[in-house]
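See below for the structure under consideration.
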C-alpha cells in the first residue's frame, strides 16, 4: 500500500506507535526483541543487513529510528548510557579541539570533559552561556564543539538555543544539546539549530528507573553515519533488551510528561510560598529569569525543579529525614518522585570551587516529580518542611 497522501503523524503518535504491527514473520503487534549477537551470511561474501550485534541490531535500530523521528534528526545511535552517548561525540575530537561547555552543567558531564582534557584528548572551557560577552569570548577561541544544557542541572537555568547555535556555527563549531531534562515531548533542539541532541535514555525516555542507556541524534545523514561508524569502532552500543525496554517506556512519554509537569507546576507554586524555602528554580514560574525563553522554545516546563532551604545544611538533613512520598536517590525522570542533594550526590565530584562558581550551594535540593497524586506530593513535602520549621524553632 502506497504512503502517498498519508498524513504525517504527530510526535505523540510516533512515540506511542512507531514499529507497532510491523512484524513480517508472525504479525506481532508489539515489536519483537532480537537478542542474537551474530547473524548468518546469505553466502560467501554476502552479508545481510545485520552481521554482528556491535554494529547493528534490529531492536536497537528501531529505538534509534523512533528517537530520530521525535527529535527531527536524520538518525540516532543508541549507547550503553547517557555518558557513553556524550563521550561518543567527544571522543571523536582531537587534541587541538576545544569544547565550549556550560559552567553549570551536570556533574557527570563536567567530570567527563575534565577527564578527557586532562588526558590531552581535547581541551575544554566552561563559560556562563547566558552571558553574551563570556560566550563571545569563548567563541573567539574557535571551539570545535559547543555543548548546551538547557534547562541546566540542577539550577534549571535556561539559555536561548537558536541564537547560541547560530553564533557557534558562524564560528565554525558544531552544536550539541543535552535534552535529557525535557525530552522531545517538550523541546526539539534540532529545529532550533542543533547539530546533535544527546539523551540519557535512562531518564524520561524510558521513564521507569529500570534501564541505563543513552542516545545521540544527528541532524544530518553524514553526521549520523560518522557516529555509527565510531560507535562500532569503540563498542559503545547499548544492549538490545535495554533498547526494547526503552522503546516500551517511550510509548507513554507524552502522557507521562503531561501529568508530571502539571504536578511540577503545582509543587513549584506551593514551594514558592513556603517560609522555609528561600528560592525555587523552575522555569514555569513567572519569577524565573528564563521563563520567557522557556515559553518560546519549549512546549512546557518539564518535571524537574530545585529549591533552596532557609536553614542551611541542618534544614536539609531534617527535611530528608521527614519528607514523605519522595525517595532520596540520584537519577530522575521516572514515574516515582525523587529528591537529591546535588552537593553531596549528583554534583559531588565537581568540588567546592566549581559548585560555588555554578551557584550550587549546600542548601539546594533537586526534585524529580513523578506521577503520584498532586495533593500527596505537597503533603509529603510539607512533612519535610515542617520539620525544618520545627528545627528552627527549637534552635531559637
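For this structure, a couple of remarks:
- Residue check, residue 210 outside any loop (DSSP other than H, G, I, E, B) and not assigned by TED's automatic domain parsing to the domain that holds residue 387: no
- Residue match in the range 45-62 (condition: assigned to a helix (DSSP H, G or I), over 30 Å from residue 345 (Cα atoms) and in contact with a strand residue (DSSP E or B) (Cβ under 7 Å, 6 or more places away or on another chain)): yes
- Flag set for residue 292, criterion: free of Cβ contacts under 8 Å to residues at least 12 places away in the same chain, assigned to a helix (DSSP H, G or I) and either touching a strand residue (DSSP E or B) at 6+ places or on another chain (Cβ under 6 Å) or outside the structural domain of residue 148 (by TED's automatic domain parsing) (or both).
- Meets criteria (under 23 Å from residue 183 (Cα atoms) and at pLDDT 95 or above) for residue 65: yes
- Test: residue in the range 100-113 that is out of contact with any helix residue (DSSP H, G or I) (no Cβ under 9 Å at 6 or more places or on another chain), farther than 16 Å from residue 213 by Cβ and modelled with pLDDT of 95 or more: no
- Check on residue 246, crowded, with 23+ Cβ neighbours inside 10 Å and assigned to a loop (DSSP other than H, G, I, E, B): no
- Meets criteria (buried (at least 22 other Cβ atoms within 10 Å of the Cβ) and assigned by TED's automatic domain parsing to the domain that holds residue 78) for residue 194: yes
- Qualifying residue in the range 2-18 (condition: part of a loop (DSSP other than H, G, I, E, B), at pLDDT 95 or above and either in contact with a strand residue (DSSP E or B) (Cβ under 9 Å, 6 or more places away or on another chain) or surrounded by 15 or more Cβ atoms within 10 Å (Cβ to Cβ) (or both)): yes
The values are calculated or read from the model by the stated rules, or taken from the named source; none is laboratory data. Quick caveat: nothing in here was measured; it's all calculated off a predicted structure. Cβ coordinates were reconstructed from backbone atoms using ideal geometry, including for glycine residues, and neighbour counts include every protein chain displayed.
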